[in-house]
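We did not get these values from a lab; they are worked out from the coordinates using the rules stated. Nothing here was measured: the structure is a model prediction, and the numbers come from that model. All Cβ positions, even for glycine, are placed from backbone atoms using ideal geometry, and neighbour counts span all protein chains on display.
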Amino acid sequence: MHVTAHVQTLVVGAGISGLVCAYALRKAGIDARIVESSATPGGMIRSERRDGYLLEFGPQSFNTTSTLINLCRELRIADQLLPAPANAPRYVLVKRSLRQVPLSLPAFIASSLFGPLTKLRVLRDILGRSTPPQKDESVAAFTRRKFSRELLDKLVGPFVSGIYAGDPEKLSLRSAFRQLYEAEKSAGSVIRGLLFSAKKRSASAEKPALQSFRDGNLTLIQALAANLGSNLRCGVTAHRISLTTTSSGTPTFEITVIVANGREEVLTTNRLIIATPAHQAAMLLRDVDPQFESVLSAIAYAPVAVASLGYPKSAIHHSLEGFGFLVPRSSGLRILGTVWNSSLFPNRAPDGHVLLTSFVGGATGPNTVSLPEPEIVSVVHRELASVLDISHPPSFSHVEAWQHAIPQYNLGHIQLIARLDQMQSKYPSIRLIGNYLRGPALGACVEQALTIAQEAIKEDYAA
């Protein structure tokens, strides 16, 4: 075992966060390399065409941001972006019937989905004033306090399942949906605060929109990987990290990596950026400082199985016009929600067929993810058939199970992130990036990765 290379900056983990950070560093002239334990980069962002279906094994689409659009332009893939139909209806399952979710305040008041008490509480929020509690509050407690149990069951709970696959009784409002907390805090009203924020955002050049790429979300990963070239090494597992200090006081990291045939190499670097999931970062940094392991291992993840089922159109007696549907936990179904992929984007299914992607498991049903694939397919088909009136079994199926799918911004998450910030101030040559820090959305990951890259660039120029 011997030192094989020294690099100015080493990024560990080639998911979207690590790739974007390494790309930005190299664009600025910094010698940055990136290693990834898997055979391919991208983490959960994986797209694959099978039997004429274009499958997304992870996120099905994403909301654009100005930063993300600019990145796509730099990478010359902006012309491959595909917007979903504007205002595509979204549905929620209520008493085994799909009901359209109202997407505006007038539509909410007019909707028969909610009773008079819930509507009255909404109007009271608009006209009244309240102050959020000093103590961190769960999403469920917030919804009951401000609105009603009905809103929690029919809309907020399913929405939380759709974004975080999480449990609203555990999820922290300030961490997971900080804009709601800030709206009440600043305006005394959630709705008034949100409307004010929306007016401020309306002046921005890029309006957020739900999009994908013509050939799937992997397009972004492939463009970043192509740009990095040989500076990205896959199939290289960071096994152990140790920190030493030179006689001049410069910190140096020694990273033991395992490559082909189990052979070990040692890389050295003066700046280390960890872009792995939290539980992997905990293992990597435990020899640097046990407190890293203590804090990072406390961040929970929800397991999710992504079940892609294809059907002949003639087998489904539903229009499938819209985005898809979410499922309240009170329904007793194991599906968290279903996206109607072939209704949102072209060429997701062969002619005469449709592609439906459902999610099962999550924080409220973690054991489902461990079922054999045929059993997951059977569960999903049975439940879809009851909701969408499907008369035949699927003609195509694929299940991708993720044991650590989505980080949970549970109560106490703010304190965990504050402790991580303190640790990073103690070790300024270590930086953490990933979807467990500032938001799980693709756009949030890109923005955080670019922020960390800019900080490193400033440090190098200042030196």
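Laid out as a table, the results:
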{"read-out": "Gln403-Phe196 pseudo-label distance in nm [points 7 Å out on the Cα-to-Cβ vector]", "value": "4.7"}
{"read-out": "Unsatisfied cross-links (Cα-Cα over 18 Å) in the set Lys119/Lys185; Lys27/Lys458; Lys119/Lys146; Lys200/Lys458; Lys146/Lys199; Lys27/Lys426", "value": "Lys119/Lys185; Lys200/Lys458; Lys146/Lys199; Lys27/Lys426"}
{"read-out": "Likely footprinting exposure, Thr368, Thr245, Thr268, fewest C-beta neighbours within 10 Å first", "value": "Thr245, Thr268, Thr368"}
{"read-out": "For segment 63-111 and segment 212-227, distance of Cα centres in Å", "value": "21"}
{"read-out": "Sites His239 and Asp389, calculated FRET efficiency, Cβ-Cβ separation with R0 41 Å, nearest 0.05", "value": "0.20"}
{"read-out": "With Cα atoms, 0 to 90° folded angle of helix 442-462 axis to the chain main axis", "value": "20"}
{"read-out": "Net dipole in debye of the chain [+1 Lys, Arg Cβ; -1 Asp, Glu Cβ; about Cα centre; nearest 20]", "value": "1600"}
{"read-out": "Extension gain, Ala441 back to Gln415 (0.36 nm per residue minus Cα-Cα distance, nm)", "value": "7.3 nm"}
{"read-out": "Gain in span if fully extended, Val266 to Glu373, counting 0.36 nm per residue against the direct Cα distance", "value": "34.6 nm"}
{"read-out": "Tail fraction, Cα-Cα pairs, the chain, threshold 40 Å, whole percent", "value": "23"}
{"read-out": "The chain - percent relative contact order, Cα under 8 Å, separation 6 or more", "value": "25"}
{"read-out": "Counting DSSP beta bridges with both ends in the chain, the antiparallel % (nearest 5)", "value": "75"}
{"read-out": "Degrees, to the nearest 10: 218-228 long Cα axis against longest axis of the chain", "value": "10"}
{"read-out": "Residues in segment 219-237 that a label on Ala78 would reach, taking backbone N under 16 Å of a point 7 Å out along Cα→Cβ", "value": "220"}
{"read-out": "Distance in nm between pseudo-label sites at Thr451 and Arg178 (7 Å out along the Cβ direction from Cα)", "value": "0.7"}
{"read-out": "Separation of the Lys426 and Asp289 label points, Cα + 7 Å toward Cβ, nm", "value": "0.4"}
{"read-out": "Hull volume in cubic angstrom per residue (convex hull over the Cα atoms of segment 353-461)", "value": "157"}
